[in-house]
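> What follows is a single structure, and I will ask about it in a moment.
FYI, it's all coordinate maths here, none of it is from the lab. Every value quoted in this text rests on a predicted model; they were computed, and no experiment measured them. As a convention, Cβ positions derive from the backbone with ideal geometry for all residues, glycine included, and neighbour counts pool all protein chains shown.
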Amino acid sequence: MEYWRRFGPGAKTGFSSLTALRAALEIGYTHFDTAEIYAGGHSEELLGKAVRESGIPRESLFITTKVSPEHLQYDQVLRSCENSLRRLGMDYVDLYLIHWPPRVGMKIDDAFRAMNQLVKDGKVRHLGVSNFKLKLLKEAQSLSETPILTNQVPYRLPDHSYVENGVLEYCQHNDILITAYSPVKFRNLPVNQAIRAIAEAHAATPFQIALAWLVAQPRVITIPMSLNPEHIRENFAAAEIELSGEEFRTLSGLYQA
Ligand SMILES: NC(=O)c1ccc[n+]([C@@H]2O[C@H](COP(=O)([O-])OP(=O)(O)OC[C@H]3O[C@@H](n4cnc5c(N)ncnc54)[C@H](OP(=O)(O)O)[C@@H]3O)[C@@H](O)[C@H]2O)c1
């Protein structure tokens, strides 16, 4: 906990995670993404606390959490989910993801048997995966008794790896959401002239344009993280930005070889 306080998110900015969560709930965010591994479970505890304090009805929010790849045996998945629910102080999560593919040689059959059971027990509403390439994503689809809702992957203006490996197109054709993580995590965005020009045309920031570019794509949603209430507000407002076709194509081509 001490490590988290000194070096975790907010250590440099002075904004706390709880302040950020309160701001996000007040602004109107409804989707919150966490994981059993984040801050050793403390992230789930803080989210639960902020939600309870807000008085916002649980059913109007969408909560995602994730099981870590070292907990993918049947009993471990059930236990991880129970622990996440206890830390969140909730009866169910809307979406439960396998955070990363298992280590080489380990199967995901057991994990999906447990995850299917969690859906039947009403502890999880939807199932998904994260950082899954095509072969494993298709395997997950075949093992899940309910449709895979999402594959959460890195996707941002300078990172098209999940476009290049065919995952984005496959998801778009198979009714699976791509949840783009780390959508604004790169250094040069604010100084890129083309992005800056588009941002100015929309009276927006370059970060907002980076988000608008993602959610302009079919079946793509995104989960920016910020501890700064001003940034949290800007990221929320980015959903309203409509890029022209030409702007979209310019942004798409920026980092292509
Ligand atoms: N599934 C996975 O394996 C995986 C891996 C990584 C992340 N994720 C998920 O994705 C979420 C986001 O990813 P991330 O934290 O890696 O990257 P990110 O959201 O792209 O970037 C976060 C950084 O961007 C800054 N930022 C955010 N909005 C901004 C804005 N409008 N203007 C200026 N700066 C802004 C934040 O600083 P300030 O706090 O100062 O605003 C923070 O330093 C995580 O919270 C996590 O839930 C999932």
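> What does the net charge come to around ARG86 if you take all other residues with beta carbon closer than 10 Å to its beta carbon, with K and R at +1 and D and E at -1?
-2
> Cα convex hull of the chain: how many Å³ per residue? List each step's numbers first, then the result.
Working: hull volume 35.0 nm³, N = 257.
It comes to 136 Å³ per residue, whole-number rounded.
> In what sequence, highest mean first, do 53-60, 91-98, 201-208 appear when ranked by Cβ atoms within 10 angstrom? Numbers along the way, then the final one.
Values: 53-60: 10.6, 91-98: 21.1, 201-208: 17.6.
Final packing ranking: 91-98, 201-208, 53-60.
> On a 0 to 90 degree scale, rounded to 10, what angle separates helix 42-54 from the longest Cα axis of the chain?
80
> Additional query: Output the 0 to 90 degree angle, nearest 10, between the alpha-carbon long axis of helix 134-143 and the longest principal axis computed from the alpha carbons of the chain.
The angle comes out at about 40 degrees.
> List the lysines whose Cα sits under 24 Å from the Cα of LYS120, skipping any in the same chain fewer than 8 residues away.
Excluding near neighbours in sequence, the set is LYS66, LYS107, LYS138.
> So which GluC sites (Glu not before Pro) in the stretch 133-220 are both in a DSSP loop and have at most 15 other Cβ atoms within 10 Å of their Cβ?
Working: sites: GLU139, GLU145, GLU164, GLU169, GLU200; in loops: GLU145.
Of the GluC sites (Glu not before Pro), the ones in loops of the stretch 133-220 whose Cβ has at most 15 other Cβ atoms within 10 Å are GLU145.
> Let me ask you something else. Let me have the relative contact order for the stretch 99-149, percent, based on Cα pairs under 8 Å that are six or more residues apart.
Values: 44 pairs, mean separation 22.2, N = 51.
Dividing the mean separation by the residue count of the stretch 99-149 yields 43 percent.
> Using unit Cβ charges (K, R positive; D, E negative) and no other charged atoms, how large, in debye to the nearest 20, is the dipole of the stretch 19-153 about its Cα centre? Display every interim value, and only then the final one.
Working: 17 positive and 17 negative charges, 46 e Å.
Charge dipole, the stretch 19-153, about its Cα centre: 220 debye, nearest 20.
> At 7 Å along Cα-to-Cβ for each site, give me the label-to-label distance between ARG219 and ASN116 in nm.
For the pair ARG219/ASN116, the computed spacing is 2.3 nm.
> So, one more: How much net charge surrounds PRO158 when only the other residues with a Cβ under 14 Å from the Cβ of PRO158 are counted, with Lys and Arg +1 and Asp and Glu -1?
On the way: positive: ARG156, LYS185, ARG187; negative: ASP159, GLU164.
Result for the neighbourhood of PRO158: +1.
> Quick one: helix 206-215 against the long Cα principal axis of the chain, what's the angle to the nearest 10°, folded into 0 to 90?
For 206-215 against the chain, the angle is about 50 degrees.
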